[in-house]
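Report on the structure given below.
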Amino acid sequence: MRLRHIPGAEEMIEKSPYVVTQPSERRGSFGTLFGNTNPIEIEVGMGKGKFITELAMQNPDKNFIGIERYSTVLVKAIRKRERLETPLGNLYFMCLDAGNLAEVFAPGEVSRIYLNFSDPWPKERHAGRRLTSPKYMAVYSQILAASGIVEFKTDNRALFEYSMESIPQAGWNILYSTFDLHQSDLAKGNVMTEYETKFSAEGKPICKLAASRLPVNCI
């Protein structure tokens with residue numbers, strides 16, 4: 001991924017009141033950051049933050065953390081947040097690699113994980129880098145509550161088919177799935193990302209699934 005350098009990006013992130021700059025120090029105590037005990041939901045690879053910001057606005061009874069590994073992208077989310085007319089006390093950001101999630105969140109501290117339009121890493125030798133690979137599903141298992149759920153959306157059919165196989169192989173259960181989200185019953189209440197808005201306008205079907213470590217009838 002080639003990203004345009006933004007001068008002063010790291011300094012902006014460090015000084016932003018919306019960014020958790022030393023997240024590992026809050027491991028197991030993120031409730032104190034939000035000032036409540038509401039469920040915590042995270043988006044891994046949030047991009048410019050449209051999805052996670054809208055979720056936070058729609059669900060004031062939940063806490064949200066948007067995670068982005070690229071500082072130049074995170075800056076765009078910060079700027080978007082700064083332009084909001086209504087303050088959001090239930091949304092923070094982090095600059096973090098997904099592989100380090102267990103160093104930041106304690107076991108059971110997260111109730112839901114959103115993966116939206118993740119890098120497909122199409123070459124087979126890079127399969128372990130896909131965010132729905134068994135490697136990453138094992139990381140999510142370490143931080144999710146027992147009934148926690150991972151939701152995944154993509155326009156990439158090959159990545160979705162891979163995920164439909166890799167997630168059960170990692171010991172998870174597929175709760176539901178669709179190869180055309182916007183033409184399914186799951187479209188109701190769906191919050192769109194920047195990529196989703198773009199791809200949908202181009203007529204591309206959006207795939208979605210949800211997975212849990214518990215059987216379907218236990219959720």
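The values are calculated or read from the model by the stated rules, or taken from the named source; none is laboratory data. Computed from a prediction, not measured in an experiment: that's the story for all the values here. Backbone-built Cβ (ideal geometry, glycine too); neighbour counts: all protein chains shown. In case anyone asks, the SASA skips ligands and DNA or RNA and just uses the protein heavy atoms, side chains included. Shrake-Rupley method; radii C 1.70, N 1.55, O 1.52, S 1.80 Å.
Quickly run through region 75-93 and pick out the residues that are farther than 13 Å from residue 41 by Cα and among the hydrophobic types (A, V, I, L, M, F, W, C).
Here is the first cut: in region 75-93, the ones farther than 13 Å from residue 41 by Cα are 75-89.
Listed by number, the residues that qualify are 75, 77, 78, 84, 88.
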When you go through 106, 77 one by one, which is the residue that is of a type in the set (A, V, I, L, M, F, W, C), more than 22 Å from residue 193 (Cβ to Cβ) and touching a Lys or Arg at 6+ places or on another chain (Cβ under 6 Å)?
106
Which residues, taken from region 116-135, are open to solvent by less than 20 Å² (accessible area, probe 1.4 Å) and in contact with a Leu (Cβ under 9 Å, 6 or more places away or on another chain)?
118, 130, 132
Scanning region 155-179 for residues that are closer than 29 Å to residue 30 by Cα and not in a loop (DSSP other than H, G, I, E, B) gives 167, 173, 174, 175
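Go through 177, 200, 163, 147 for me and flag whichever is open to solvent by less than 20 Å² (accessible area, probe 1.4 Å), of a type in the set (Gly, Ala, Ser) and touching a residue at least 12 places away in the same chain (Cβ under 8 Å). Walk me through it before giving the result.
Numbers: 177 fails: open to solvent by less than 20 Å² (accessible area, probe 1.4 Å); 200 fails: open to solvent by less than 20 Å² (accessible area, probe 1.4 Å); 147 fails: open to solvent by less than 20 Å² (accessible area, probe 1.4 Å).
163 is the lone residue from the list that is open to solvent by less than 20 Å² (accessible area, probe 1.4 Å), of a type in the set (Gly, Ala, Ser) and touching a residue at least 12 places away in the same chain (Cβ under 8 Å).
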Qualifying residues in region 99-115 (those that are in contact with a helix residue (DSSP H, G or I) (Cβ under 8 Å, 6 or more places away or on another chain) and open to solvent by 10 Å² or more (accessible area, probe 1.4 Å)) - the one farthest from residue 190 (Cα to Cα)
103
Within region 203-214, the residues that are basic (Lys, Arg) and surrounded by fewer than 18 Cβ atoms within 10 Å (Cβ to Cβ) are 204
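Given the condition closer than 25 Å to residue 152 by Cα, aromatic (Phe, Trp, Tyr) and open to solvent by 20 Å² or more (accessible area, probe 1.4 Å), answer yes or no: does some residue in region 58-80 qualify?
We begin by selecting, within region 58-80, every residue closer than 25 Å to residue 152 by Cα; these are 58-78, 80.
Keeping just the survivors that are aromatic (Phe, Trp, Tyr) gives 64, 70.
Going one step further and asking which of them are open to solvent by 20 Å² or more (accessible area, probe 1.4 Å), we end up with 70.
Yes, region 58-80 has at least one match.
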Tally time: how many residues in region 185-197 are open to solvent by 30 Å² or more (accessible area, probe 1.4 Å), on the phi < 0 side of the Ramachandran plot and not hydrophobic (A, V, I, L, M, F, W, C)?
6
Name the pairs: first residue in region 40-55 and within 14 Å of residue 72 (Cβ to Cβ), second residue part of a helix (DSSP H, G or I) and open to solvent by less than 10 Å² (accessible area, probe 1.4 Å), Cβ to Cβ under 6 Å, at least 6 apart or on different chains?
46/52; 48/77; 49/77
How about region 138-189: which of its residues are out of contact with any Lys or Arg (no Cβ under 6 Å at 6 or more places or on another chain) and of a type in the set (D, E, K, R)?
151, 157, 161, 165, 180, 185, 188
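If I filter region 1-22 down to residues being in a helix (DSSP H, G or I) and open to solvent by less than 20 Å² (accessible area, probe 1.4 Å), which single residue comes out as modelled with the lowest pLDDT?
Applying the first criterion (in a helix (DSSP H, G or I)) to region 1-22 yields 9-15.
If we keep only those that are open to solvent by less than 20 Å² (accessible area, probe 1.4 Å) too, we end up with 9, 13.
Values: 9: 75, 13: 89.
The selected residue is 9.
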Quick one: what pairs do we get from region 91-102, first residue under 13 Å from residue 74 (Cβ atoms), second of a type in the set (D, E, K, R) and not in a helix (DSSP H, G or I), C-beta under 9 Å, 6+ apart or different chains?
93/68; 94/68; 95/68; 95/69; 96/68; 96/69; 97/69
